[in-house]
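**Student:** Here you go, one structure.
Each value in this text was obtained by applying a stated rule to the coordinates, not by laboratory testing. Quick caveat, the model's predicted, so the values are computed rather than measured. A quick note on method: Cβ atoms are made from the backbone with ideal geometry, for glycine too, and the neighbour counts reach across all protein chains shown.
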């Protein structure tokens, strides 16, 4: 069950990352919308730190990409090389896709 949830988390985070790139969010655009938030890594001090190790904090796109990567790493750790577990992760990812099709989520 936890692998299904990590697959679902992966899909949700990738979707939010894509919406951030498309400027779909209205609130706090300096973090949510990539067309404006890219400046954060240059303006936040110390800028060298936000351009490297803490870039995942500078905008929604990088933040949700990091969370999706953590979901994959968590699934790999939980699976212990078991192919059935990888299938559960994939099932969670597919369920997230189906929830998008059958709801008004875009």
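**Student:** Hey, what did region 1-66 get for relative contact order, percent, Cα under 8 Å, at least 6 apart?
**Tutor:** 32 percent
**Student:** Order by neighbour count: 28, 90, fewest other Cβ atoms within 10 Å first, most last.
**Tutor:** Ascending number of Cβ neighbours within 10 Å: 28, 90.
**Student:** I would also like to ask the following. Arrange the following residues from fewest to most other Cβ atoms within 10 Å of their Cβ: 21, 41.
**Tutor:** Going from least to most buried by this count: 21, 41.
**Student:** Kindly express, to the nearest 10 degrees and within the range 0 to 90, the angle between helix 60-79's C-alpha long axis and the longest C-alpha principal axis of the chain.
**Tutor:** 30 degrees
**Student:** OK, next. Could I have the simple spin-label model distance between residue 66 and residue 78, label points 7 Å from Cα toward Cβ, reported in nm to one decimal?
**Tutor:** About 2.1 nm separates the two model spin labels.
**Student:** Related question: Assuming R0 = 30 Å, can you tell me the calculated FRET efficiency for the pair residue 95 and residue 30, based on Cβ-Cβ distance, to the nearest 0.05?
**Tutor:** 0.35
**Student:** To the nearest 10 degrees, how steep is helix 2-21 against the longest Cα principal axis of the chain, on a 0 to 90 scale?
**Tutor:** That helix lies at roughly 30 degrees to the long axis.
**Student:** In degrees between 0 and 90, to the nearest 10, how far off the longest principal axis of the chain does helix 83-101 point, with axes built from Cα atoms?
**Tutor:** 60 degrees
**Student:** Between residue 56 and residue 38, 0.36 nm times their residue separation minus their Cα-Cα distance comes to what?
**Tutor:** The residue 56-residue 38 span can extend by a further 5.3 nm.
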